[in-house]
């Protein structure tokens, strides 16, 4: 019997190694898998490359991981916010590397990795600082910039419900990067509010099919 | 003596140019105010980059849901008929040319419609771009709302942007506290001016050549 459910958060993140590239779902705190991040902090992996839209809000979740100096590099679109103080301090001290990418390019680069696409030409960012040094092409009279896929060793995402095959449904705008990050990582670990019996999720409404998910863990016992 | 449009009047003016049935993204800050002036009987689909169409107003106090937020990470509501989707779909709506209008703030706009609104380029600034570059090149029409001048009186309407660019030639129409300007192949054409303002007055505070309104 296939059972992707994991008995504990601790076990779910136990093989995340030093230096791993880890995608973390969420837009601000909506969809952020905070229970998995807390388990990752306790687990102790260091020198991580993190892919997220932001660079932490307040003192919890991704912000806590950054504060604990576990992050070597962050790939994101919008690091600077009113409450991104832990990132700001490390960035100004030169203790964290930033790869800034327009949000739509970030999403499409993640999706491309998941879909086996070797890169794509996008009009976003053409002629700006964020396209400097990148290949460009004129297609049908319009300027495009070449962007490469972002692969990850692990994706930590948050969903509302999951089953033992790894099928997931999300809640409202907490969906955001979850479905595409699940596709782009070697190992996707989904934190869910509830694990339901197989067959209980409406097949017409499943957002992430289980093929993209390796582990499902309940966020609170 | 001329008057300036207030920020609410600017928002009200932009709202007049958003027709029923339009798919619209309102940027963070001043553009968010435009929603307050869309008449309730006019059906307009508000898009938020973090994955919703049919965005409604802020919830009543106590009704906030941390899983239902807008691009500014403020709590919002979903209108009946609204939908949620993931980030790649949300940005396909922009980049794929499916949004009719986006409304953005700006540091500078050039007479050719170049937009600078994401980064001052200051050495100590931490750069953050979010969805600005995707919106700038994606929406069918890009409306910009900004004060005509900086706090120190310099024109934000310029020959050439000195701040780092967000997009090239992407702005369609500019709403300032002094005027409404259209970006045309011939240059910036004045559409409306604040009451009491002459074209000469407006040109005197604008660092790019202006074409007179067409009657």
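The values are calculated or read from the model by the stated rules, or taken from the named source; none is laboratory data. Because the structure is a prediction, the values reported are computed rather than measured. Methodologically, a virtual Cβ is constructed for each residue, glycine included, from the backbone with ideal geometry; neighbour enumeration extends over all protein chains shown.
Is it the case that region B:144-152 has a residue that's away from chain A (no Cβ under 11 Å) and farther than 23 Å from residue B:5 by Cβ? Write out each step before concluding.
As a first pass, look at region B:144-152 and keep what is away from chain A (no Cβ under 11 Å): B:144-152.
Adding the requirement that they be farther than 23 Å from residue B:5 by Cβ leaves none.
No: region B:144-152 contains no residue that is away from chain A (no Cβ under 11 Å) and farther than 23 Å from residue B:5 by Cβ.
Looking across region A:185-209, the residues that are closer than 22 Å to residue B:92 by Cα and either surrounded by fewer than 24 Cβ atoms within 10 Å (Cβ to Cβ) or modelled with pLDDT under 95 (or both) come down to A:205, A:206, A:207, A:209.
State yes or no: is residue B:24 surrounded by 16 or more Cβ atoms within 10 Å (Cβ to Cβ), away from every other protein chain (no Cβ under 14 Å) and not in a strand (DSSP E or B)?
Details: surrounded by 16 or more Cβ atoms within 10 Å (Cβ to Cβ): yes; away from every other protein chain (no Cβ under 14 Å): yes; not in a strand (DSSP E or B): no.
Considered against the rule, which asks whether it is surrounded by 16 or more Cβ atoms within 10 Å (Cβ to Cβ), away from every other protein chain (no Cβ under 14 Å) and not in a strand (DSSP E or B), residue B:24 comes out as no.
The numbered conditions (1) more than 27 Å from residue A:80 (Cα to Cα); (2) touching a helix residue (DSSP H, G or I) at 6+ places or on another chain (Cβ under 7 Å); (3) surrounded by fewer than 17 Cβ atoms within 10 Å (Cβ to Cβ) are all true for residue B:14 except (3). Filtering region A:29-52 to residues that are under 20 Å from residue A:192 (Cβ atoms) and in contact with a strand residue (DSSP E or B) (Cβ under 9 Å, 6 or more places away or on another chain) leaves A:29, A:30, A:31, A:32, A:33, A:34, A:35, A:36, A:37, A:39, A:40, A:52. Residues that are in contact with a helix residue (DSSP H, G or I) (Cβ under 7 Å, 6 or more places away or on another chain) and within 22 Å of residue B:130 (Cα to Cα) were ranked within region A:30-49; the one that is surrounded by the fewest Cβ atoms within 10 Å (Cβ to Cβ) is A:30.
Identify, from the list B:44, B:34, the residue that is over 17 Å from residue B:105 (Cα atoms), more than 12 Å from chain A (Cβ to nearest Cβ) and in contact with a helix residue (DSSP H, G or I) (Cβ under 9 Å, 6 or more places away or on another chain). Spell out how you get there, then give the answer.
Numbers: B:34 fails: over 17 Å from residue B:105 (Cα atoms).
Matching residue, one of B:44, B:34: B:44.
From A:169, A:138, A:71, which residue is farther than 21 Å from residue B:49 by Cα and touching a residue at least 24 places away in the same chain (Cβ under 8 Å)?
Values: A:169 fails: farther than 21 Å from residue B:49 by Cα; A:138 fails: touching a residue at least 24 places away in the same chain (Cβ under 8 Å).
One residue alone meets the criteria, A:71.
Has region A:52-59 got at least one residue that is over 14 Å from residue B:134 (Cα atoms), at pLDDT below 95 and facing chain B (nearest Cβ under 9 Å)? Yes, there is a match, as at least one residue in region A:52-59 is over 14 Å from residue B:134 (Cα atoms), at pLDDT below 95 and facing chain B (nearest Cβ under 9 Å).
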